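The values are calculated or read from the model by the stated rules, or taken from the named source; none is laboratory data. The structure displayed is predicted, hence computed values, not measured ones. So basically every Cβ, Gly included, is an ideal-geometry build from the backbone, and we count neighbours across all protein chains shown. Ligands, DNA and RNA are excluded from the accessible area calculation, which covers all protein heavy atoms including side chains. Shrake-Rupley method; radii C 1.70, N 1.55, O 1.52, S 1.80 Å.
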Amino acid sequence: MCMESSHLKMTIAWVCLVALFCSTAVKGSKSNLVVDIEPKRQTAVRLGESLQILCRVGRPLQVCRVEIPGEGGGMVLSKGQPPEDGIEYYGEGTDAGQCGVRITKIKEIHDGIFKCTLTPTDSRTEVQASVKIIVAKPPSNPELLTSPGSYSRSIYRKGEKLEVSCSAPSGRPAANVSLFLDDEPIGNEERPTIYDSNLDDNSLAVQNASRSLDWTDNGKILRCVANHIALDKPKETTMQLQVYYPPQPQPTIERFGYVIGRQGIVNVTVFANPRPRFLWRVNDEKISEGHPDESTRIETSTAVDLGRGAWSVILTIDSVQKSDTDKVYILEARNDEGANEYHIVLSTSTEPAVYSEISGVDLDAGSIIGIVVGVLVLILIVFILIFARATGRWCFAARRRGDEEAASGVGAGSEAHITPGDEDEEDHEDPRIIDEKIPQGGQENPIHASTEYVNGRTDVKEAKKDEKTDTPV
């Protein structure tokens with residue numbers, strides 16, 4: 001009896017313990033409901049746009065309450081309510097476990113934390129969810145800062161390192177900033193830095209870049225560009241770069257197509273910054289820019305600025321003579337960064353074809369068509385010659401007839417050497433083979449065992465003939 005009572009007590013204790021665990025789990029599941037909120041992360045919206053926020057659980061709701069920043073406390077919403085001040089219920093209804101709000105026009109005061117509070121019908125406990133609403137505020141004009149150059153704030157030398165910083169302050173959220181040199185992005189190897197301020201909820205976005213300047217960077221536009229959700233088009237701050245460099249080298253300059261007795265113009269473009277001083281040397285005579293030579297037949301112009309460090313210098317020959325194409329023309333350019341000389345060759349010949357990237361020759365359409373037609377004609381001629389040789393036509397007809405006559409002559413000679421009875425001699429070679437081996441003049445064939453045909457002996461043949469005729473039947 002004692003054993004049975006102890007077992008009964010143990011069973012009752014286990015049942016009570018399981019019931020306690022179950023009730024605790026149910027209570028915990030009711031109190032630990034998870035609210036799904038959409039959007040899940042902070043969202044930026046432009047001033048005057050609409051916004052929908054939806055909170056939901058998997059159970060029907062008895063209360064749906066939302067708190068919108070700047071609207072002064074919470075408001076209880078349900079499906080079918082008329083909107084007030086552009087705010088109304090959003091969702092499929094509280095019976096579906098959904099508690100949402102639609103704001104027709106976002107105001108500046110709506111920037112902040114949105115909250116939704118839900119009370120399920122089977123619980124007296126509220127559950128909450130929240131998300132940050134960012135009412136977008138455009139940044140101020142972007143600021144472009146550069147390291148100073150060797151000559152001034154914005155004048156640099158070739159090979160000098162340029163440090164650039166592009167920033168867009170006072171944006172909400174932070175702006176996207178980018179750096180460009182003309183249309184070439186720079187600074188992509190460094191990620192933009194974002195500085196957030198907790199005082200007025202504004203931010204500062206900064207993009208840095210560094211570059212070693214080349215002479216080709218002269219005259220390019222450095223651009224600091226800021227993109228933002230609150231902007232219809234990007235904001236931009238620019239600065240033009242000045243890069244000083246010496247006159248750049250060039251290979252020998254060739255000019256073609258000059259006509260004897262007519263005016264000849266030699267145009268040379270030199271890249272240098274700042275503006276170089278130019279001096280022409282024609283043979284041993286020096287001609288300053290903008291002045292004629294001693295004969296006044298040759299005159300030089302002053303340099304024309306083409307922009308971005310390009311300078312056009314012209315030498316004019318009044319009436320081209322044959323001797324002018326034999327002269328040595330040198331243009332000297334010099335500035336504070338350095339100097340260079342350019343050699344010019346004049347010719348009355350037409351300009352030759354320029355090398356192309358693929359075949360090495362830059363040909364026009366007519367030349368290409370001519371080459372293709374020529375190759376096709378050559379292939380056709382080769383095919384015709386092969387066909388004529390194989391069939392013995394045209395110029396190969398005589399050769400074919402000669403081959404046929406030679407072949408017929410060999411056959412006739414072979415038959416003339418065949419005599420009756422020869423086929424009975426097993427050890428005798430084919431007389432046609434002998435005829436091919438014996439040279440003219442009847443010399444002995446040391447290989448052949450018989451000499452009846454070689455030495456012209458007819459007695460043997462007659463004897464063999466008589467033997468055949470006297471044979472008894």
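By accessible area of protein heavy atoms, probe 1.4 Å, what ranking do W311, W215, W280, W394 get, highest first? Could you put the intermediate results ahead of the total?
Values: W311 25, W215 65, W280 0, W394 165 Å².
Sorted descending by solvent-accessible area, the residues read W394, W215, W311, W280.
With all protein chains present, calculate the accessible area of E337 using a 1.4 Å probe and round the result to the nearest 10 Å².
Its heavy atoms expose roughly 40 Å² to the probe.
With θ set to phi - 60°, apply the Karplus curve 6.51 cos²θ - 1.76 cosθ + 1.60 along segment 327-334 and write out the HN-Hα couplings as whole Hz, x wherever there is a Gly or Pro.
Rounded to whole hertz, the list is 7, 9, 10, 10, 10, 10, 10, 9.
At a 1.4 Å probe radius, carbon and sulfur cover how many percent of the accessible area of segment 59-169?
On the way: 2540 of 5560 Å².
Roughly 46 percent of what the probe reaches on segment 59-169 is carbon or sulfur.
What does the accessible area per residue of segment 52-114 come to in Å², with a 1.4 Å probe and no ligands, DNA or RNA counted?
Values: 3210 Å² over 63 residues.
That works out to 51 Å² for each residue.
Solvent-accessible area per residue for segment 152-248 at a 1.4 Å probe radius, Å²? Intermediate results must be reported in sequence, preceding the final value.
Numbers: 4940 Å² over 97 residues.
It amounts to 51 Å² per residue over segment 152-248.
Tell me the net charge near K286. Cut-off is 10 Å between Cβ atoms, K286 excluded, with +1 for each Lys or Arg and -1 for each Asp or Glu. Write out the running numbers ahead of the final one.
Working: positive: R281; negative: D284, E285, D293, E332.
Once all neighbours under 10 Å are counted, the net charge is -3.
Considering only protein heavy atoms, what is the solvent-accessible area of I386 at a probe of 1.4 Å, reported in Å² to the nearest 10?
Answer for I386: close to 110 Å² accessible.
For Y245, what is the net charge nearby, where nearby means another residue's Cβ is under 11 Å from its Cβ and Lys, Arg count +1, Asp, Glu -1?
On the way: positive: R157, K158; negative: E160, D214, D217, D336, E337.
Neighbourhood net charge equals -3.
If contacts are Cα pairs under 8 angstrom and at least 6 residues apart, what is the relative contact order of segment 131-197 in percent? Provide the component values of the computation, followed by the final result.
Numbers: 76 pairs, mean separation 21.0, N = 67.
Result for segment 131-197 is 31 percent.
Below 14 angstrom from the Cβ of Q128, what's the summed charge of the other residues (Lys, Arg +1; Asp, Glu -1)? Please list the in-between numbers first.
Details: positive: R56, R65, K115; negative: D36, E67, E126.
Surrounding charge for Q128 is 0.
Ordering I37, I265 from largest to smallest accessible area (1.4 angstrom probe), what's the sequence? Present the calculation step by step, with values, prior to reporting the outcome.
Numbers: I37 15, I265 90 Å².
If we order I37, I265 from most to least accessible, we get I265, I37.
Explain nothing, just the number: relative contact order of segment 119-272, from Cα pairs under 8 Å at least 6 residues apart, as a whole percent.
Working: 303 pairs, mean separation 35.7, N = 154.
Relative CO of segment 119-272 lands at 23 percent.
What pairs from K115/K233; K40/K233; K107/K233; K40/K107; K158/K233; K105/K137 go past 26 Å between their alpha carbons? Before the final figure, lay out each step's value.
On the way: K115/K233 33 Å; K40/K233 28 Å; K107/K233 22 Å; K40/K107 21 Å; K158/K233 35 Å; K105/K137 15 Å.
From the list (K115/K233; K40/K233; K107/K233; K40/K107; K158/K233; K105/K137), the Cα-Cα distance tops 26 Å for K115/K233; K40/K233; K158/K233.
Considering only C-alpha atoms, what is the centroid distance from segment 250-268 to segment 113-185, in Å?
Between the Cα centres of segment 250-268 and segment 113-185 lies a distance of 57 Å.
So for T237, T300, what's the accessible-area order with a 1.4 Å probe, most first? Intermediate values should be presented prior to the final figure.
Working: T237 40, T300 5 Å².
The most accessible residue leads, giving T237, T300.
Tally up the carbon and sulfur contribution to the accessible surface of segment 181-339 as a whole percent, 1.4 Å probe, everything protein left in place.
Details: 4000 of 8650 Å².
In segment 181-339, the share of accessible area belonging to carbon and sulfur is 46 percent.
Taking segment 267-322 as the region of interest, what is the percent of Cα-Cα pairs per 5 angstrom bin, listed from the shortest bin to the one with the maximum distance?
P(r) over segment 267-322, rounded to whole percents: 4, 19, 29, 21, 14, 8, 4, 1.
Calculate the spin-label point distance for R124 paired with T104, positioning each point 7 Å from the Cα along the beta-carbon direction, and give it in nanometres.
4.0
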